[in-house]
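Here the structure comes first, spelled out in structure tokens, and everything after it is commentary.
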Amino acid sequence: MQGVLVFSGQQAGQLTRAALEALGAGRRLASALNEELLALVVGADVERAAAQAIAAGADAVFTVANPILAEFQADLYLAAAEAAVRQVDPRLVVFTLDSAGRDLLPRLAYRLNAAAVTEVTDFQVDGKVVKWIRPVYGGKAMAVYQQLRERALVGLRAKMHEPAVLDGSGSGRVVPVDFTVDESTAVARVVERIQATLSGVNLAEARVVVAGGRGLGGPEPFAELQKLADLLGGAVGASRAACDAGWVPPSMQVGQTGTIVAPDLYIAIGISGASQHIAGIAGARTVIAINKDPEAPIFKRANIGIVADYKTVLPTLIEQLRAVVGA
Amino acid sequence: MRIVVCLKQILDPEVPAKDFRVDPTTKRPIQGNAKLVVDSYSENALEVGIQLKEKSGGKLVAVCVGDKRADEVLRRALALTADEAIRAWDPAWQELDAAAVAHVLARAIRATGGADVVLLGRQSGDVERGLVGPMLAEELGAPCVTVATGAEPAGDRLRVRREAEGGYEAVEVPLPAVLTVTNDEANVPRLPKVKDVMMATRKPVKVLGTGDLQLDPSRMDPGVVLTDLYVPEMDSTCEFVEGDDGPAKATALATLLRERKIL
């Protein structure tokens, strides 16, 4: 049992940001363990993503190529990943917990009878022993886990690990996995895709996010937040409370179980700062909070705070910032 | 249709960070004055279960792994028209990892009449592992649909609406199936009626122990061990913008953002 195998998701021949994060962390793990960094690339076409994985530092890339794997389908990808792990026999299998990682890791861990650790934000390697560190209780405590099985499946919290850089100097080998699959393996079948009507900037990728919470009191004020976001070239997000109230669609939910964001600037308006919300903005560089309650937990995370009713702040702020950004 | 909802009881996640303490010897949080509550995703799962029972008929069964205190969670499910309540517990279970919880749930379901649909929260608000639901699907040899927002019968199959990149997708699965549920406007938990809360206190909770469950000891072996739990140092460095009123503070903030080149 040797090596660190990283599940490296791709979209149309490009490794995803999640894959690069997992490869970055995987490189650090492999170096500390003095073992090889191995990548797993699954899809209809795998050549371009495999080349990227090598450029990102993989010593070897294992590939599963099949036309029916063009789109992520949990049952099919699970079978592919299981075959790959059985062939490669790695010590660690690393995922970033995007939607594919969340679907695959638990079931694969069960099938391989491996240790499973999720939401990992940090790790310490001492010889061959790894301590897996992750937030629990909504970030109020940190837990340290050690595996009791020879093999562990490790889920990294998204946007918490430095992504690998494609420097092109790698010279890894590409090895196809011996695996065949047909449609009958796909038990759960997607019968319809329903696009939410999203406009503007992608929340997950936005450099600026303006988010509103229960303190807004209703759906109407989100139009004001949109104005501010438009001005700053950003996206509008919301707390779970605002989504559960039906003011905005759940696709706008920022938090541990909504969209995890890591913008340069996060402006939280009328958001008290529940733990799961704070966990979803851990990667934000600067957090500004506007809330009338000076005791609101959001101020513990915020870099800059305004204690006031947002209604008295927002119009002037928009006007002043319009001058700043020259719009 | 037999619909089983697995519920988890957790330490109130809204306990403020300043009140959160860890017992350094047991490596567990100290409960203090905090309440134990139903995990919020469990509530969403229960709501999906209630809606599914309304559409398909059949029985709604609530299952919980926990000691006597967890009866409160099951009573709430009974008050929300669950037909049966089952609690699995053995005092020896102090540190069950996710695979062990999945194994206990699978055996509890098997021992009490099986299931056509099993619903769980996508992950719990305490340790947020997100493992138990999909592992339970593997235990039962059933398909798994994650981050479901609702479900309805479709012939001999189940049509599940789930969150997907940029919207939703509809997935069809044969039964039995396991769904992990995420919060959505379609599954906001309803409140029980007062008379149903009263009725629920008189309904039985069936308690299953190790002997009833016929557990496989190898499945109960933990895969991971918690070696430390600690409260991280979180220095608040928030700089409050001063001003006489809202507009004055807004002006001061705009100035600050410009000076610091944050914008």
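Please go through the range B:69-110 and give me each residue that is part of a helix (DSSP H, G or I) and among the β-branched types (Val, Ile, Thr), ordered by number.
Answer for the range B:69-110, where residues must be part of a helix (DSSP H, G or I) and among the β-branched types (Val, Ile, Thr): B:73, B:101, B:104, B:109.
May I ask you to list pairs of residues, at least six apart or on different chains, whose Cβ atoms are under 7 Å apart, with the first in the range A:219-233 being closer than 13 Å to residue A:207 by Cβ and assigned to a helix (DSSP H, G or I) and the second being of a type outside the set (A, V, I, L, M, F, W, C) and modelled with pLDDT of 95 or more?
Pairs that qualify, where the first residue is closer than 13 Å to residue A:207 by Cβ and assigned to a helix (DSSP H, G or I) and the partner is of a type outside the set (A, V, I, L, M, F, W, C) and modelled with pLDDT of 95 or more: there are none.
Have a look at A:237, A:246, A:305, A:215 and point out the one that is outside any loop (DSSP other than H, G, I, E, B) and facing another protein chain (nearest Cβ under 7 Å).
When all the criteria are applied, what remains is A:305.
Residue A:271: buried (at least 24 other Cβ atoms within 10 Å of the Cβ), under 27 Å from residue A:156 (Cα atoms), touching a residue at least 24 places away in the same chain (Cβ under 8 Å) and aliphatic (A, V, I, L, M), yes or no?
Spelling it out, residue A:271 is indeed buried (at least 24 other Cβ atoms within 10 Å of the Cβ), under 27 Å from residue A:156 (Cα atoms), touching a residue at least 24 places away in the same chain (Cβ under 8 Å) and aliphatic (A, V, I, L, M).
Quick check on my filter: what residues within the range A:249-295 are assigned to a loop (DSSP other than H, G, I, E, B), more than 9 Å from every other protein chain (Cβ to nearest Cβ) and β-branched (Val, Ile, Thr)?
Of everything in the range A:249-295, those that are assigned to a loop (DSSP other than H, G, I, E, B), more than 9 Å from every other protein chain (Cβ to nearest Cβ) and β-branched (Val, Ile, Thr) turn out to be A:260, A:261, A:271, A:281.
I need the full set of residues from the range A:308-321 which are farther than 16 Å from residue B:240 by Cβ, at pLDDT 95 or above and facing chain B (nearest Cβ under 7 Å), in order please.
Answer for the range A:308-321, where residues must be farther than 16 Å from residue B:240 by Cβ, at pLDDT 95 or above and facing chain B (nearest Cβ under 7 Å): just A:316.
Take the residues in the range A:114-128 that are facing chain B (nearest Cβ under 10 Å) and farther than 14 Å from residue A:151 by Cβ, then tell me which one is surrounded by the fewest Cβ atoms within 10 Å (Cβ to Cβ).
A:119
Assuming residue A:201 fulfils every condition listed in (1) surrounded by fewer than 14 Cβ atoms within 10 Å (Cβ to Cβ); (2) free of Cβ contacts under 8 Å to residues at least 60 places away in the same chain apart from one, which condition is it?
Unmet for residue A:201, out of (1) surrounded by fewer than 14 Cβ atoms within 10 Å (Cβ to Cβ); (2) free of Cβ contacts under 8 Å to residues at least 60 places away in the same chain: (1).
Given the options B:100, B:108, name the one that is closer than 20 Å to residue A:148 by Cα, surrounded by 20 or more Cβ atoms within 10 Å (Cβ to Cβ) and in contact (Cβ under 8 Å) with a residue 40 or more places away in the chain.
B:100
Which residues, counting only those in the range B:82-96, are within 29 Å of residue B:193 (Cβ to Cβ) and surrounded by fewer than 17 Cβ atoms within 10 Å (Cβ to Cβ)?
Correct list: B:83 only.
Kindly state which strands (runs of 3 or more DSSP E) lie completely within the range B:136-182 and contain at least 2 residues that are under 19 Å from residue B:53 (Cβ atoms), of a type in the set (A, V, I, L, M) and touching a residue at least 40 places away in the same chain (Cβ under 8 Å).
Answer list for the range B:136-182: B:144-154, B:177-181.
Please indicate, with yes or no, whether at least one residue in the range B:60-68 is touching a residue at least 24 places away in the same chain (Cβ under 8 Å), part of a strand (DSSP E or B) and surrounded by fewer than 22 Cβ atoms within 10 Å (Cβ to Cβ).
Looking for residues that are touching a residue at least 24 places away in the same chain (Cβ under 8 Å), part of a strand (DSSP E or B) and surrounded by fewer than 22 Cβ atoms within 10 Å (Cβ to Cβ), one finds none in the range B:60-68, hence no.
Exactly one condition in (1) within 12 Å of another protein chain (Cβ to nearest Cβ); (2) closer than 25 Å to residue B:11 by Cβ; (3) not in a loop (DSSP other than H, G, I, E, B) is not met by residue B:127; state its number.
(3)
May I ask you to list the residues in the range B:187-202 that are surrounded by fewer than 16 Cβ atoms within 10 Å (Cβ to Cβ) and either touching a strand residue (DSSP E or B) at 6+ places or on another chain (Cβ under 9 Å) or facing chain A (nearest Cβ under 10 Å) (or both)?
Correct list: B:188 only.
Regarding residue A:287, is this residue hydrophobic (A, V, I, L, M, F, W, C), over 17 Å from residue A:223 (Cβ atoms) and modelled with pLDDT of 95 or more?
Yes.
Taking the condition of being within 19 Å of the chain's Cα centre (by Cα) and modelled with pLDDT under 95, how many residues in the range A:265-280 meet it?
6
Any idea which of B:217, B:222 is farther than 16 Å from residue B:72 by Cα, touching a strand residue (DSSP E or B) at 6+ places or on another chain (Cβ under 9 Å) and not polar (S, T, N, Q)?
Checking each option against the conditions leaves just B:222.
Give me the residue from the range B:148-176 that is surrounded by 22 or more Cβ atoms within 10 Å (Cβ to Cβ) and among the β-branched types (Val, Ile, Thr) and, out of that set, farthest from residue A:194 (Cα to Cα).
Going through the qualifying residues, I end up with B:173.
Can you tell me which residue is farthest from residue B:77 (Cα to Cα) among those in the range B:6-17 that are within 12 Å of another protein chain (Cβ to nearest Cβ) and of a type in the set (A, V, I, L, M)?
Out of the qualifying residues, it is B:17.
Can you give me the number of residues within the range A:281-327 that are surrounded by 17 or more Cβ atoms within 10 Å (Cβ to Cβ) and within 28 Å of the chain's Cα centre (by Cα)?
19
Considering only residues that are under 25 Å from residue B:204 (Cα atoms), within 14 Å of another protein chain (Cβ to nearest Cβ), not in a loop (DSSP other than H, G, I, E, B) and not hydroxyl-bearing (Ser, Thr, Tyr), which ones fall in the range B:18-47?
Those that are under 25 Å from residue B:204 (Cα atoms), within 14 Å of another protein chain (Cβ to nearest Cβ), not in a loop (DSSP other than H, G, I, E, B) and not hydroxyl-bearing (Ser, Thr, Tyr): B:36, B:37, B:43, B:44, B:45, B:47.
Checking the conditions here, which among B:123, B:214 is more than 30 Å from residue A:302 (Cβ to Cβ) and not aliphatic (A, V, I, L, M)?
None of the others qualify; the one that does is B:214.
So which residues in the range A:144-161 are within 11 Å of chain B (Cβ to nearest Cβ), crowded, with 21+ Cβ neighbours inside 10 Å and assigned to a strand (DSSP E or B)?
Residues satisfying the conditions are A:145, A:147, A:152, A:153, A:154, A:155.
Just name the residue that is nearest to the other protein chains (Cβ to nearest Cβ) out of those in the range B:211-263 that are within 30 Å of residue B:88 (Cβ to Cβ) and part of a loop (DSSP other than H, G, I, E, B).
My answer is B:223.
Please determine, by comparing only the residues of the range A:187-212 that are within 7 Å of chain B (Cβ to nearest Cβ) and part of a loop (DSSP other than H, G, I, E, B), which one is modelled with the lowest pLDDT.
Here the answer is A:198.
Only one of (1) closer than 30 Å to residue B:22 by Cβ; (2) more than 9 Å from every other protein chain (Cβ to nearest Cβ) fails for residue B:157. Which number is that?
The failed condition is (1).
Which residue pairs have Cβ atoms closer than 7 Å, lie 6 or more positions apart in sequence or on different chains, and pair a first residue in the range A:301-327 that is closer than 21 Å to residue B:261 by Cα with a second residue that is among the acidic types (Asp, Glu) and in a helix (DSSP H, G or I)?
Cβ pairs passing all conditions: A:314/A:224.
The values are calculated or read from the model by the stated rules, or taken from the named source; none is laboratory data. Because the structure is a prediction, the values reported are computed rather than measured. Methodologically, a virtual Cβ is constructed for each residue, glycine included, from the backbone with ideal geometry; neighbour enumeration extends over all protein chains shown.
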